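In what follows, a single structure is set out as structure tokens and then discussed.
The values are calculated or read from the model by the stated rules, or taken from the named source; none is laboratory data. None of the values given here were measured: they were computed from a predicted structure. All Cβ positions, even for glycine, are placed from backbone atoms using ideal geometry, and neighbour counts span all protein chains on display. Ligands, DNA and RNA are excluded from the accessible area calculation, which covers all protein heavy atoms including side chains. Shrake-Rupley method; radii C 1.70, N 1.55, O 1.52, S 1.80 Å.
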Amino acid sequence: LYASFIPVIIAALFGWCHQLSSGPVAMTSLLVAAVLSSRGLVAASPEYISVAITLCALCGIVRVTIGIFRLANLVSLLSHPVIIGFTNAGALLIASTQLNNLLGIPVPTTGSCIGKIVSTGANLSQAHGLTVLFGLGSIAVILLLKRVVPRLPGVLLVVV
């Protein structure tokens, strides 16, 4: 987390592209975790940490190169379907990693997004009732607050 401040400071000083974001955003973290887990690496193992550091260093080198040659505006050339596809893929990754938490079902942490969903479906009979009730109730309260009082931070209130 402390290392994530450096890219934000650099982006604030030298950033000029409105389509790119820097910092500890969920999508970046999710993509790194998806790449590492798809390689069968165990979280927090020395190999996992070294591959994560290498991946972050490579991403940093690419971003610095893009900045030096002022190539950030090329992102604006991406078509709308590409952006929608990227966003939907992120949504599927988030859903597949959180579905087992919502249902209280143990699911393997490695594997593909589809594999996690299939594994969750196969173990649906093991769902923990109170966990499901609490999760779905939280989602219902968030949606209700968004509709009834949109100015209130519903997600924050539910978390508290």
- prompt: Given the stretch 80-153, what whole percent of its Cα pairs are spread farther than 19 Å?
  reply: 51
statement: Loop-resident trypsin sites (Lys or Arg not before Pro) in the stretch 39-98 with no more than 15 other Cβ atoms inside 10 Å, DSSP not H/G/I/E/B, are Arg39, Arg70
field: Length gained when the stretch Ile61-Ala33 is fully extended (0.36 nm per residue, less Cα-Cα span)
entry: 8.2 nm
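Count neighbours as other Cβ atoms within 10 Å of each site's Cβ, and list the trypsin sites (Lys or Arg not before Pro) in the stretch 77-160 that are DSSP loop with at most 15 such neighbours. Walk me through the numbers on the way to the answer.
Numbers: sites: Lys116, Lys146, Arg147, Arg151; in loops: Arg151.
Here the sparse-neighbourhood loop sites are Arg151.
Counting other Cβ atoms within 10 Å, which chymotrypsin sites (Phe, Trp or Tyr not before Pro) in the stretch 39-129 have at most 14 and lie in a DSSP loop? Each step should come with its number before you reach the end.
On the way: sites: Tyr48, Phe69, Phe86; in loops: Phe69.
Qualifying residues, ordered by number: Phe69.
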statement: With the label point 7 Å along the Cα-to-beta-carbon line of Ala122 and a cut-off under 19 Å to each amide N, the hits in the stretch 86-101 are 96-101
- prompt: Given a 1.4 Å probe and every protein chain left where it sits, what share in percent of the accessible area of the stretch 100-160 is carbon and sulfur?
  reply: 72
